[in-house]
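Each remark here refers to the structure printed beneath this line.
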Amino acid sequence: MTSVAIVTGASSGIGAATARRLAAEGFHVLAAARRTDRLAALVAEIGAAGGSAAAVECDVTSAESVAGLAAAAAAAPGPVTLLVNNAGGARGLDPVESGSVGDWQWMYDVNVLGTLRVTQALLPALEASGAGTIVIVSSTAGHVVYEGGGGYSAAKHAQTAVAGTLRLELCGRPVRVIEIDPGMVKTDEFALVRFGGDADRADAVYAGVAEPLVAEDVADCVAWCATRPQHVNVDRLVVRPLAQAAQHKVHRAG
């Protein structure tokens, strides 16, 4: 039977690229996100390329919505062997002393509690498959803090803690836990969302960087980790563009 992969945050960016790539690897993909119009276009694109996918409307901040995703997984045409917790994001670049509590709360709810809700809902199916894999897409911000990034970095540190704790707790059970931590990735929406739609501020993040990572680079990492033999667990994969030597060290032309 065809293995089923679930990807959250699949309507754009890394999530959409991961859905495409996993479908190309032979998975039946459940593409989950809030924006159903984008999901419909993605599923049609995957089908036209010869892959198999279905759209599932899902808001990871809602327990009821996540329960609907679990129900869709139960009705999928095969065992659920892969969950990619990709839904997340950043809001604002304010210092701690003036940061928006609402922004911090949103980042924690989507990145951390969203991962918790979805993982809890899908873990029984992943374990029942006998060869489950959970991928948590976090960030290098989960390792190192930076000015203005307190809220996002706190959420990603927490997400990293969830991944490590879960791996310990599942030891001896047939479910791998893989954490993928990208550095600078230029996608169509991440920086725009962070800066409330301010395109100039979003573009400035990548100014002078000839080749930041793109969504397909991270999708390639997800696919590689997920398709290793089941006894091989890539605990943590850190991926940055060549121009980014560290969180604070980026080569910019000019």
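The values are calculated or read from the model by the stated rules, or taken from the named source; none is laboratory data. Since the model is a prediction, treat every value here as computed from it, not as a measurement. Heads up, the Cβs are rebuilt from the backbone with ideal geometry, glycines too, and the neighbour counts pull from every protein chain shown. Keep in mind that these areas ignore ligands, DNA and RNA; they rest on the heavy atoms of the full protein, side chains included. Shrake-Rupley method; radii C 1.70, N 1.55, O 1.52, S 1.80 Å.
Could you please give the count of residues in the range 129-139 that are under 13 Å from the mean Cα position of the chain (by Cα) and polar (S, T, N, Q)?
Final tally of qualifying residues: 2.
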Does GLU147 satisfy the condition of being closer than 23 Å to THR81 by Cβ and open to solvent by 40 Å² or more (accessible area, probe 1.4 Å)? no
Read through the list (1) modelled with pLDDT of 95 or more; (2) open to solvent by 20 Å² or more (accessible area, probe 1.4 Å); (3) within 15 Å of GLY88 (Cα to Cα), then give the number of the only condition that VAL193 fails. (1)
Just to verify a result, which residue in the range 223-234, among those that are out of contact with any Pro (no Cβ under 8 Å at 6 or more places or on another chain) and either polar (S, T, N, Q) or in a helix (DSSP H, G or I) (or both), is farthest from VAL7 (Cα to Cα)? ASN233
When the range 5-31 is examined, which residues are found to be touching a residue at least 40 places away in the same chain (Cβ under 8 Å), part of a strand (DSSP E or B) and buried (at least 24 other Cβ atoms within 10 Å of the Cβ)? ALA5, ILE6, VAL7, THR8, LEU30
Among GLY78, GLY88, the single one that is over 30 Å from GLY142 (Cβ atoms), in a loop (DSSP other than H, G, I, E, B) and in contact (Cβ under 8 Å) with a residue 40 or more places away in the chain is GLY78
Members of the range 51-86 that are under 25 Å from GLN230 (Cβ atoms), aliphatic (A, V, I, L, M) and touching a strand residue (DSSP E or B) at 6+ places or on another chain (Cβ under 7 Å): ALA53, ALA54, LEU69, ALA72, ALA73, ALA76, VAL80, LEU82, LEU83, VAL84
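Okay, residues lined up against (1) open to solvent by 50 Å² or more (accessible area, probe 1.4 Å); (2) at pLDDT below 95; (3) under 16 Å from the mean Cα position of the chain (by Cα); (4) under 21 Å from GLY164 (Cα atoms):
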residue	(1), (2), (3), (4)
ASP200	yes, yes, no, no
GLU211	yes, yes, no, no
VAL218	no, no, yes, yes
VAL222	no, no, yes, yes
PRO229	yes, no, no, yes
ARG236	yes, no, yes, yes
GLN247	no, yes, no, no
ALA253	yes, yes, no, no
Given (1) modelled with pLDDT under 95; (2) of a type outside the set (Asp, Glu); (3) farther than 23 Å from ALA24 by Cβ; (4) touching a helix residue (DSSP H, G or I) at 6+ places or on another chain (Cβ under 9 Å), where does THR187 come up short, assuming only one miss? (3)
Scan the range 70-97 for residues that are open to solvent by less than 40 Å² (accessible area, probe 1.4 Å), among the hydrophobic types (A, V, I, L, M, F, W, C) and modelled with pLDDT of 95 or more and jot them down. ALA70, ALA72, ALA73, ALA76, VAL80, LEU82, LEU83, VAL84, ALA87
Output yes when any residue across the range 58-72 is under 14 Å from the mean Cα position of the chain (by Cα) and under 20 Å from VAL177 (Cα atoms), and no when none is. yes
So which of ALA67, ALA54 ends up being surrounded by fewer than 16 Cβ atoms within 10 Å (Cβ to Cβ) and within 26 Å of PRO124 (Cβ to Cβ)? ALA67
